Structures are given as C-alpha cells and as structure tokens.
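S.K.: Quick one: structure below, then a few questions.
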Amino acid sequence: MFGSYEHTTPAESSGGPTSHSSLRMKKLLIPVLGMALSLPAIAQQAPKPYGALPSARQLKWHDTEMYCIVHFTPTTFEDKEWGYGDADPKTFNPSNFDAEQIIRSAKAGGFRGIVCVAKHHDGFCLWPTKTTDYNISKSPFRNGKGDMVRELEQACRKNGMKFAVYCSPWDRNNKDYGTDKYLATYQAQLRELYTNYGPVFMSWHDGANGGDGYYGGARETRKINNLVYYDWDNTWKITRELAPDACIFSDVGLDVRWVGNERGFANETSWATFTPTSADGKSKGVPGNANDKDAPTGTRNGKYWIPAECDVSLRPGWFYHESQNNRVKTPQQLLDLYFKSVGRGAALDLGLSPDKRGQLHDIDVASLKGLGDLLRKTFGTNIAATAQVSATGSRGKAFPVKNMLDNDRKTYWASQDEVTTPELTIAWKKPATFNIVGIREAIALGQRIDGFAIDVWQDGQWKEVHKGTSVGALRLVRLPNYYSTEKIRLRITDSPVAVTVAELGVYAEPEQLVAPVIRRDKDGQVTISSPASVHAIRYTIDGSEPTASSAVYTKPFELKHPGTVKAKAFGASGSGATESVQFDIPSAGWSIDQNAAKAIDGDPQTVWYSPRSGKYPHTLTLNLGQSTTLKGFTFLPDGSDHRSGTVYGYQVWVSEDGQNWGDPVAEGRFDNIQNSPIEQRVLFRTPKAGKYLRFTATEPTDSKQTWANVAELGVITK
Ligand code: FUL
Ligand code: CA
C-alpha cells in the first residue's frame, strides 16, 4: 500500500471531493433511526471539505509519488552541469542509447513516471523541433532521424510508466533569448511537446534564468526581468489547453511546488497548502523569483493546494560524470530520502544521468534495484491488516474502520463533526514487531490533521513513542527502534474539524544496515560513524571493497596521504551498501589569510564568510607549507538553508613564492551551485607545482549578495 507498487486505484479523474465519497456508496442503504437513508442523505454525512482542496489532476499526481528526471544532452558529452549553448550537435553521439534500459531500471526502483528533460539550459532539443536548428536532427544520433523524446515516451508507455516533460525557459543557445521573439519560440516548443508526446502528467519549469551564454554566437550576458519575461499566466494557459492533465511544477506551482532545495527532502512538518510569494513578498511570485523560504514547510491553511516535489539526483550532479561513479547514492540513502519526501506527503523526483553510451551505469542500475527491493521488503506486508482496529468517535457505518485497511485511498474512516481528537487502536492477538507507522488522510476533503501522537502498549501501560504534525497525502513515521507489542494507539491531538483517515499501515523494515558516515579532520584523523545500531562497520583504505574479513572500525585512525576510505555495515542479515570517500592530502600544516581558518579545517559545517560590507572579487591565499604538485582544487560552499553569498565565478593561481603567480591555472563558473551547493572538483589545465594557491571568487550567484562564503577549500594532488 504505502510503498507497494501494485498500484492502488488512481483517484477519480472527474468529480469534486465530495462526489468522491458518495460515488462509492451508490448501492448502500443504511438504516438510521429505523429509516433507510438514500444516496444524497449519506453523501451529506461525509465531513465537509476543509480549506484548499486538490484538483483531480493533483490527486492523480499524489498517487504517482515517485518519479525520475532524466538529463541527457550534449552537456553529458562535455562533462558539464550547465551547457553554454555552443556545443556542436555532432558531439551528441551516444554509442548505444537504450530508452528501455533507463525506464526499466527506474521501474525496478519503484518509480512510476519519468520527466524527460527535452531541452536543458544549453538549448539543444532532443526532438526534431521546427522551432530551432539546434536539435537532434543535426546530430549523428540515428543518422539525424532520431527522436529521443519519442523513444523515452514510448518506453514509458510500454512499461506502464507515466511521462512528463521539462523544457528549460532559459536557452543559452538561442540568438533571440532576451527578446519577445524568444518567448514565441519557447511557447511553440511547449506546444510541440504537449501535442506530439502527450498525455504528460507534469510540465516541469525550472527557475534558472538569464545569464551568460552563447546566444547565437554573441557570447554575452543577458539579463531578463523574470517577473514578466515569460508571461507565465499566458504561457501556462497553453499547458492547460493542450495538456489538461499535466501538473505544472515550478518554484510557485501552479500545481506542484519546488521544495526549495535539491537535497531531496521536505521539512518534517510539510503542508500541501501553500501561499506562494515573490522574493520581495510583493506579488505571488514566478519561477526564478519566488520566496522559497517557506517552500520546505508549505503554509498551514495556505491559499492553494500546492504540494511539494523533492528533486535530487542519484549522483552529486544532474548529468553523468565518470568522476562521480563512486558517489552514486546507495539504496539505504535513497530509502532515507523516500521517508523524508514521499513519507512527508510530497513526491520524490530522482535525477537519472545516462552515460555517454546513453544508458545508466551498472552502479546506478544496482542502486535503483536495491531501493526497489528495500521498499518491497519494507512495505510488502501491512501488519495492521491482521489486527483488530477500533476507533473513538466514529462517524457511523458509512465510514467504517476497515476503510483504512482496504488499500484504497478513496475510502476512509471519519470521526463525528464534534470529535476532533479521536483515537485509533490497532491490536493483535500476539505481539507484533514494527518500526514504521503510515497514515494517509482522505485529502480530497483537504488537509485536516494538525497533530498526532503514537503510543505503544508496554508493561501494562501506554508509552508515547512519537509526536508529529502534518499528515496529508502520507506521513511515514520511522522509529529509530523496533517495538514488539500487542497494541498501538494513534491519537489525533489537534485538528480544526472532523478527522479522516484513508489508510493506516504498520510495517517492520529489514535490519537497518545504513551506510556509515566517513569524515576526516584537518590532521588526517578519520572517523566512521553510523546513524543506526549495526553489528560492525568494516573498512578498507586501499580502494578495495570491504568484506566480512576487512578490519572492524573501533576508533579513529590516521590517513595522511591521498586515499579512498570505503566502509560498510555488517549485521545479522548481511551487509549494507558501501560508503566511499576519496581524500587528498589533509590540511595539517596549511595556513590561510583573511582569518579564513574555517575554510581549511576539514569540517564542512564550519564556513568562512567575507565581511558583508565587501565587494567582489574576494581572494583567499592558501599556504601549503611546502611546494606540492597540484592537479586541481576542490571547493565546498555553505550548504545550509540560510546560506548567502554563494560563489559562482572563480579564478585560481598557483605560485612557489606567493609573489609571482603567472596565468590562472583554472577559471570558470560553478554550474547550478545556487540550487545544489555540493563539493566542486576542478582539474587544472596542466598540473603545476607551488607552495601557494590563490582562489579568487569573481562573481556571486546573486548579484545583490556582495560577499562570499567558503566552507572548504582543498587541493587535488592524485
Ligand atoms: C535546475 C537546473 O538548473 C539544473 O541544471 C537541473 O536541471 C535541475 C533539475 O533544475 O533548476
Ligand atoms: Ca481506504
């Protein structure tokens, strides 16, 4: 049910929220006070809807819950995250593109749909569009006769997966970008996609807008006023007209909101209702100009039903980079994201990155399959199904407790109007072992519950084990411990109106063999920890896979040279996924100017900020203590939610004496760093020896933030 992939019945495609409940009761005649009640009278007994309500298209989207987004363009072949728009179409030449391999791998992971990035910021269209020459027909792919959007779409339809499109508003190739002419082109592209590849379940609109690009050879920076440039009101009319079932996704909805980060999770309290505003709070906001501070939580009693989508990539980047093959998220990490996105009433949108062949790498395929297996093992059996479930304050026979266990999100149990804090008890004849509780509200009637608590019967009394807030489409409570008990109680502690519960689940996940966390401090001391209790963590430092006979981690150890630490949990039922971290030389013995010790202390949580009063460029000079041959550098920005002054443009120099620097060894921009503040690894054009490294931040991601932040600066010597 909650995570099982034998799909539950999709929500009604027509009919408002109240018809939902009445529809199912057509034949029911219930005697009340000796009189038989007819259909309209029963319908009246349904609780009144509360607050903003989901549309039929949003209800279908809520059923989808997990889908993937696929990035594959010439940018893949350039090993970049944001193509500049100048890549020769001839470079787009996958040796063995296989749409089915991608779609089937996603399906094995439990995903139910695909968002196809039909055009990314580089402007290259993966379908033979009439709107621009910069498209797949100019590439060698299928001798210029190929259509990748079509191949992905058909593979989806064939495998029972939903299909959606992403067409980037920002286009770094188009010569007209920045003028009205381009808007017509963009709208025509949307029309082509909706008409030729529909029905689509989503239309995905990212907020990255304007900046430098190729623009037909102009190679310049173009700024647009993102409040008005894309004329979203009219542009989205096209979506409504040609793709009426598509949920529009952007920073502000209209149907689904961006969760405000690219880490893949919503806030623990996350409301499906939302009142979006612009960055300055003065208007309702548009993609690229939205106040995303409230996006992770939504707005309690917000004006609209705009649930969150949590987008995150399976790899650090959205595009394939061979150098990130050892940083593919593990099944356990993905399961954790599932709990924090889908389990918080939102959706999980996982980035997939085909390699230069045009297929997912084996590591990615295995990880997806691992997630699917974990989900099936965890949610395959609802222990509540064999329990006796009872409730206080029930609304009557039309809303029986069994409606919570029928695997149907449209049928529900409800309390009487005056009962806003009902209690549900789940009892077994013999003690059951569990660590997960799942609750779904009948969201067609709105998001009603404000708070709940879970009690476990232990030693003859109730013991509270969890307190929560928002529920909505789904709340999964994953307890850190397993409990064996004869009964569990769910107490609704706070609700403005009568409560509805559409589904209730109790589950036990297989032993939590969570991947360990590996850290190294500036002196080279490596610490390995695990968020879950496991029998043992075993590790290696020579790059080999840890096995049952590898060293057991007991205390911190030293690693003063470059090397890869691999660790994994071993428990009673086997071993978990491998965590692998590549370290270079530690920063012991280094010094830095500008009081920037926090930028070289080996701790990603501590961040150096330049004074707010300063302005760009900002420069840090690192003294490595001895001459070292450097192949590149690493840069980690502040990754916290309250970050500001994120560095976009950079230049780097190396010098033996700290006086003579010569030409920069690297310069460029950290693509997509604003939304995804992860470690950047940059190789120099050619290695250079030196005792000093100078890092200059030349440009922020947000020109109003004239300061810079650096969480860690490091070097690549190996
Ligand atoms: C962002 C883009 O800038 C990234 O490149 C990526 O496509 C991500 C899914 O959306 O806005
Ligand atoms: Ca039900």
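S.K.: Over the chain, what is the mean sequence separation of C-alpha contacts under 8 Å (at least six apart), divided by residue count, expressed as relative contact order in percent? Intermediate values should be presented prior to the final figure.
M.R.: Numbers: 1804 pairs, mean separation 75.9, N = 718.
That works out to 11 percent.
S.K.: Here is a follow-up. If we sort 347-354, 619-626 on the protection proxy, mean other Cβ atoms within 10 Å, highest first, what's the order? Walk me through the intermediate numbers first.
M.R.: Details: 347-354: 25.2, 619-626: 16.6.
So the peptides 347-354, 619-626, ranked by packing, come out 347-354, 619-626.
S.K.: For SER549, what is the net charge nearby, where nearby means another residue's Cβ is under 15 Å from its Cβ and Lys, Arg count +1, Asp, Glu -1? Present the calculation step by step, with values, prior to reporting the outcome.
M.R.: Working: positive: ARG538, LYS566, LYS568; negative: ASP542, GLU545.
After counting each charged neighbour, the total is +1.
S.K.: Charges only on Cβ, +1 for Lys and Arg, -1 for Asp and Glu: so what's the dipole of the stretch 135-294 about the Cα centre, in debye to the nearest 20?
M.R.: Values: 21 positive and 21 negative charges, 102 e Å.
I would put it at about 480 debye.
S.K.: Right, here's the next one. What spacing in nm lies between the two simple spin-label points modelled at THR554 and LYS397, each 7 Å away from Cα in the Cβ direction?
M.R.: According to this spin-label approximation, the distance is 6.9 nm.
S.K.: Which residues among the stretch 567-604 fall inside the zone where the amide N is under 14 Å from a point 7 Å beyond the Cα of LYS377, along Cα→Cβ?
M.R.: 569-578
S.K.: Continuing with the same structure: How charged is the neighbourhood of GLN45? Take every other residue with its Cβ under 11 Å from the Cβ of GLN45, and add Lys/Arg as +1 and Asp/Glu as -1.
M.R.: On the way: positive: LYS48, ARG395, LYS397; negative: ASP417.
Net charge around GLN45: +2.
S.K.: Still on this structure, please answer the following. Could you rank the peptides 128-138, 175-185 by their average count of other C-beta atoms within 10 Å per residue, with the highest value first? Intermediate values should be presented prior to the final figure.
M.R.: Details: 128-138: 18.5, 175-185: 16.5.
Per-residue Cβ counts within 10 Å, averaged per peptide and sorted highest first, yield 128-138, 175-185.
S.K.: What whole-number distance in Å separates the alpha-carbon centres of the stretch 357-380 and the stretch 459-491?
M.R.: 29
S.K.: A follow-up question, please. In whole Å, how far is the Cα centre of the stretch 132-181 from that of the stretch 656-718?
M.R.: After rounding, the separation between the Cα centres reads 34 Å.
S.K.: Simple spin-label model, 7 Å along Cα-to-Cβ: ASN96 to ASP231 in nm?
M.R.: The two pseudo-label positions are separated by 4.8 nm.
S.K.: If you average the C-alpha positions of the stretch 234-267 and of the stretch 272-338 separately, how far apart do those two centres end up, in angstrom?
M.R.: Their Cα centres are 11 Å away from one another.
S.K.: Given PHE77, GLN101, VAL200, which one lies farthest toward the positive end of the charge dipole of the chain, if we put +1 on the Cβ of every Lys and Arg and -1 on the Cβ of every Asp and Glu?
M.R.: Ranked along the dipole, the leading option is VAL200.
S.K.: For the chain, what is the calculated [θ] at 222 nm in deg cm²/dmol (nearest 500), taking -39500 (n - 2.57) for each run of four or more DSSP H residues and dividing by its residue count? Let's see the in-between values first.
M.R.: Numbers: 10 runs with 106 residues, N = 718.
Mean residue ellipticity, 222 nm, calculated: -4500 deg cm²/dmol.
S.K.: Can you spot the aspartates and glutamates whose alpha carbon is less than 12 Å from LYS615's alpha carbon? Ignore those fewer than 8 places along the same chain.
M.R.: GLU699
S.K.: So, one more: Treating only the Cβ of Lys, Arg, Asp and Glu as charged (+1, +1, -1, -1), what charge dipole size does the chain show about its Cα centre? Round to the nearest 20 debye.
M.R.: Details: 83 positive and 79 negative charges, 285 e Å.
Computed charge dipole of the chain: roughly 1360 debye.
S.K.: Report the FRET efficiency, 1/(1 + (r/R0)^6), for LYS463 and ASP176, where r is their Cβ-Cβ distance and R0 is 56 Å, rounded to 0.05. Write down the numbers at each step before the final one.
M.R.: Values: r = 66 Å, r/R0 = 1.17.
Result of the calculation: an efficiency of 0.30.
S.K.: Using label points projected 7 Å from each Cα along Cα→Cβ, tell me how many nm separate ASP408 and LYS704, to one decimal.
M.R.: Between ASP408 and LYS704, the simple spin-label model gives 5.1 nm.
S.K.: Now, a different point. By how many nm would the segment from HIS561 to ARG612 grow when fully extended, if each residue of separation counts as 0.36 nm and the alpha-carbon distance is taken off? Don't jump to the answer; show the numbers that get you there.
M.R.: Details: separation 51, 0.36 × 51 = 18.36 nm, distance 3.65 nm.
Extra length from HIS561 to ARG612 when fully extended: 14.7 nm.
S.K.: Also: Counting only DSSP beta bridges with both residues in the stretch 186-341, tell me the antiparallel percent, nearest 5.
M.R.: On the way: 6 of 13 bridges.
Around 45 percent antiparallel, to the nearest 5.
S.K.: With both bridge residues required to lie in the chain, what share of the DSSP beta bridges run antiparallel, to the nearest 5%? Could you put the intermediate results ahead of the total?
M.R.: Numbers: 101 of 131 bridges.
Expressed as a percentage, antiparallel bridges in the chain total about 75.
S.K.: Would you order MET202, MET404, MET66 from fewest to most other beta-carbon atoms within 10 Å of each residue's own beta-carbon? Walk me through the numbers before you get to the answer.
M.R.: Values: MET202 30, MET404 27, MET66 22.
In increasing order of surrounding Cβ atoms, one gets MET66, MET404, MET202.
S.K.: Once you have the Cα-Cα distance between ALA184 and ARG519, take 0.36 nm times their residue separation minus that, and quote the gain in nm to one decimal.
M.R.: On the way: separation 335, 0.36 × 335 = 120.60 nm, distance 5.06 nm.
Contour length minus Cα-Cα distance gives 115.5 nm.
S.K.: Could you order the peptides 396-402, 378-384, 286-292 from most to least packed, using the average number of other C-beta atoms within 10 Å per residue? It would help to have the intermediate numbers written out before the result.
M.R.: Details: 396-402: 16.4, 378-384: 18.9, 286-292: 21.3.
My ranking of the peptides, most packed first, is 286-292, 378-384, 396-402.
S.K.: Tell me, in nm to one decimal, what length is gained between THR386 and ASP542 on full extension, where the rule is 0.36 nm per residue of separation less the Cα-Cα distance?
M.R.: Values: separation 156, 0.36 × 156 = 56.16 nm, distance 4.96 nm.
Working it through step by step, the gained length comes to 51.2 nm.
S.K.: Counting only pairs 8 or more places apart or on different chains, how many lysine pairs in the stretch 427-545 have C-alpha atoms closer than 23 Å? Write down the numbers at each step before the final one.
M.R.: Numbers: LYS429/LYS463; LYS429/LYS487; LYS430/LYS463; LYS430/LYS487; LYS463/LYS487; LYS467/LYS487.
Lysine pair count for the stretch 427-545: 6.
S.K.: Take the residue pairs LYS119/LYS303; LYS107/LYS356; LYS223/LYS282 and return only those whose Cα atoms are more than 30 Å apart.
M.R.: Numbers: LYS119/LYS303 32 Å; LYS107/LYS356 22 Å; LYS223/LYS282 21 Å.
Check vs 30 Å cut-off fails for LYS119/LYS303.
S.K.: If amide hydrogens are placed 1.01 Å from N in the peptide plane, which non-local residues have theirs closer than 5 Å to the one on THR564?
M.R.: GLY543, PHE583
S.K.: In a shell of Cβ-Cβ distance under 10 Å around MET66, excluding MET66 itself, what net charge do Lys and Arg (+1) and Asp and Glu (-1) give? Numbers along the way, then the final one.
M.R.: Values: positive: ARG112; negative: GLU65, ASP349.
Charge balance near MET66 sits at -1.
Each reported figure results from applying straightforward, stated rules to the coordinates on display, with no laboratory input. Keep in mind that this is a model prediction, so the values were computed, not measured. All Cβ positions, even for glycine, are placed from backbone atoms using ideal geometry, and neighbour counts span all protein chains on display.
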